[in-house]
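The values are calculated or read from the model by the stated rules, or taken from the named source; none is laboratory data. Computed from a prediction, not measured in an experiment: that's the story for all the values here. When we count neighbours, we look across all protein chains shown, and the Cβ atoms used for this are built from the backbone with ideal geometry, even at glycine.
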Amino acid sequence: MTETIAEPSRAIDATNREINLSQPAKRIVCLTATGIDILVELGLEPIGYLSSGIASHPEFYGDRAQQFASVGSWMLPNLKAIRTLQPDLILGWTFPHRFYQHWLRQIAPTYLMSGSGCNAALARLRDVAQLTRRMTEAETAIQQLETQIETYRTTIPVHLKKTVLIMGGSTLNCLSRRFIIETNVGTMGSLLQELTHYPWIEPAGQRMEPGLMNVSLDRILQVNPDVIFVQTYPPSTAPLSQQLANNPRWKQLKAVQTGQVHEVEQFWHSGNGTRIMQVILNRLVPMIYPEYFSHIYHYLRSQ
């Protein structure tokens with residue numbers, strides 16, 4: 001009788017390193033919020049995670065996250081703690097974890113991620129699904145996201161699409177008069193361009209992180225969005241929209257005049273995966289299209 005030998009689990013990470021596992025990964029240390037998003041979608045739990053992060057949010061692991069061993073911070077992972085856990089796979093992000101990859105790869109195979117936008121998120125999910133033999137779960141998660149997007153797309157009339165901006169900044173941005181906005185290749189920008197008029201196009205050859213760019217209030221006023229989502233960055237304590245309240249150009253914006261400026265928490269940048277995309281869409285779409293959301297909500301509930 002011939003014994004069947006399972007195919008090795010294989011993936012190529014963002015640094016072009018090939019990861020080959022003879023057995024599906026089960027003991028996984030996660031150094032990034034995106035990894036947490038992926039593991040939740042695959043029905044898995046990490047044995048180690050950061051000392052603080054999104055794992056304890058109810059959309060992810062909730063109180064169960066208290067059981068995960070702490071392996072340091074995003075910028076400073078605790079290599080000794082990771083080694084003690086004896087993982088068979090480590091999930092990280094190219095920045096900053098490429099600076100630690102020599103030591104991380106001595107502990108366990110390490111899959112480093114990068115990139116923004118929906119397509120990159122789907123590719124990462126499928127890669128980790130290959131390494132854990134969870135392709136069915138991955139495809140189910142992808143189908144749920146695609147169904148949600150298609151439902152929104154078919155419910156919102158094309159001729160009534162609103163112009164939307166996702167922006168952020170701190171007191172320093174107020175002083176420099178240039179603000180960080182999410183482009184059309186960012187996590188949410190890549191989705192909102194399907195459901196709104198989202199004219200914030202990623203410039204060629206820019207030096208910022210992919211999916212983000214700096215824009216002046218004058219440029220924002222030229223577009224004059226119907227709806228603006230604002231995220232306040234440290235070291236600011238007062239909401240960015242409050243800091244801009246007396247700015248003459250800010251006051252001229254249609255969204256400001258109609259009360260369509262919404263402060264949102266940093267949660268929307270907590271990872272770049274299918275779960276966070278669904279969560280954020282469910283938060284943003286009702287604020288953009290309150291007149292249509294009841295129809296969308298009832299349809300999604302019936303699925």
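Looking only at residues of region 81-100 that are under 25 Å from residue 23 (Cβ atoms) and part of a helix (DSSP H, G or I), we find that the one that is nearest to the chain's Cα centre (by Cα) is 97. The residue that is surrounded by the fewest Cβ atoms within 10 Å (Cβ to Cβ), among those in region 167-195 that are farther than 19 Å from residue 274 by Cα and β-branched (Val, Ile, Thr), is 171. Within the set 182, 265, 202, the sole residue that is over 28 Å from residue 60 (Cα atoms) and of a type in the set (Asp, Glu) turns out to be 202.
What's the total number of residues in region 200-218 that are surrounded by fewer than 14 Cβ atoms within 10 Å (Cβ to Cβ) and either at negative phi or polar (S, T, N, Q) (or both)? So that I can check it myself, show each step before the final result.
So in region 200-218, the residues surrounded by fewer than 14 Cβ atoms within 10 Å (Cβ to Cβ) come out as 201, 203-209, 216, 218.
Going one step further and asking which of them are either at negative phi or polar (S, T, N, Q) (or both), we end up with 201, 203-204, 206-209, 216, 218.
So the answer is 9.
Please work out if residue 43 is assigned to a loop (DSSP other than H, G, I, E, B) and in contact with a helix residue (DSSP H, G or I) (Cβ under 8 Å, 6 or more places away or on another chain). Yes.
List the strands (runs of 3 or more DSSP E) inside region 158-219, counting only whole elements, that have at least 1 residues being outside the structural domain of residue 95 (by TED's automatic domain parsing) and free of Cβ contacts under 8 Å to residues at least 40 places away in the same chain. Write out each step before concluding.
Working: elements: 164-169, 178-182, 212-216.
Hits in region 158-219: 178-182, 212-216.
Look at residue 110 and say whether it is of a type in the set (S, T, N, Q), surrounded by 16 or more Cβ atoms within 10 Å (Cβ to Cβ) and in contact with a Pro (Cβ under 9 Å, 6 or more places away or on another chain). Taking the combined requirement at face value, the residue does not satisfy it.
For region 36-56, enumerate the residues that are farther than 25 Å from residue 136 by Cβ and not small (Gly, Ala, Ser). Steps first, please.
Step one: of region 36-56, the residues farther than 25 Å from residue 136 by Cβ are 48, 50-53, 56.
Passing the criteria: only 50.
From the set of residues in region 188-215 that are out of contact with any strand residue (DSSP E or B) (no Cβ under 9 Å at 6 or more places or on another chain) and of a type in the set (Asp, Glu), which is modelled with the highest pLDDT? Once the filter is applied, the top-ranked residue is 194. Of all residues in region 50-62, those that are assigned to a loop (DSSP other than H, G, I, E, B) have Cβ atoms under 7 Å from Cβ atoms of residues that are at pLDDT below 90 and among the polar types (S, T, N, Q), 6 or more apart or on another chain, in 54/270. Selection of region 282-303 for residues being crowded, with 19+ Cβ neighbours inside 10 Å and either under 17 Å from residue 167 (Cβ atoms) or modelled with pLDDT of 85 or more (or both) yields 284, 285, 288, 289. Would you point out the residue of region 222-249, among those that are free of Cβ contacts under 8 Å to residues at least 40 places away in the same chain and within 24 Å of residue 286 (Cα to Cα), that is surrounded by the most Cβ atoms within 10 Å (Cβ to Cβ)? Ranking the qualifying residues of region 222-249, first place goes to 241. Counting the residues of region 242-253 that are under 15 Å from residue 219 (Cβ atoms) and in a helix (DSSP H, G or I) gives 3.
With respect to residue 234, determine if the residue is under 17 Å from residue 117 (Cα atoms) and not charged (D, E, K, R).
Details: under 17 Å from residue 117 (Cα atoms): no; not charged (D, E, K, R): yes.
When the stated conditions are applied, residue 234 does not pass them.
Taking the numbered list (1) buried (at least 20 other Cβ atoms within 10 Å of the Cβ); (2) within 28 Å of residue 144 (Cα to Cα); (3) at pLDDT 95 or above in turn, residue 55 passes all entries but (3).
Mind listing whichever residues of region 120-157 are of a type in the set (D, E, K, R), assigned to a helix (DSSP H, G or I) and over 27 Å from residue 286 (Cα atoms)? Give the derivation first.
Quick first cut of region 120-157, residues of a type in the set (D, E, K, R) only: 124, 126-127, 133-134, 137, 139, 146, 150, 153.
Now drop any that are not assigned to a helix (DSSP H, G or I), which leaves 124, 126-127, 137, 139, 146, 150, 153.
Listed by number, the residues that qualify are 124, 126, 127, 137.
Free of Cβ contacts under 8 Å to residues at least 40 places away in the same chain, surrounded by 14 or more Cβ atoms within 10 Å (Cβ to Cβ) and either among the hydrophobic types (A, V, I, L, M, F, W, C) or outside any loop (DSSP other than H, G, I, E, B) (or both), is that true of residue 104? Walk me through how you get there before you give the answer.
Numbers: free of Cβ contacts under 8 Å to residues at least 40 places away in the same chain: yes; surrounded by 14 or more Cβ atoms within 10 Å (Cβ to Cβ): yes; either among the hydrophobic types (A, V, I, L, M, F, W, C) or outside any loop (DSSP other than H, G, I, E, B) (or both): yes.
Yes.
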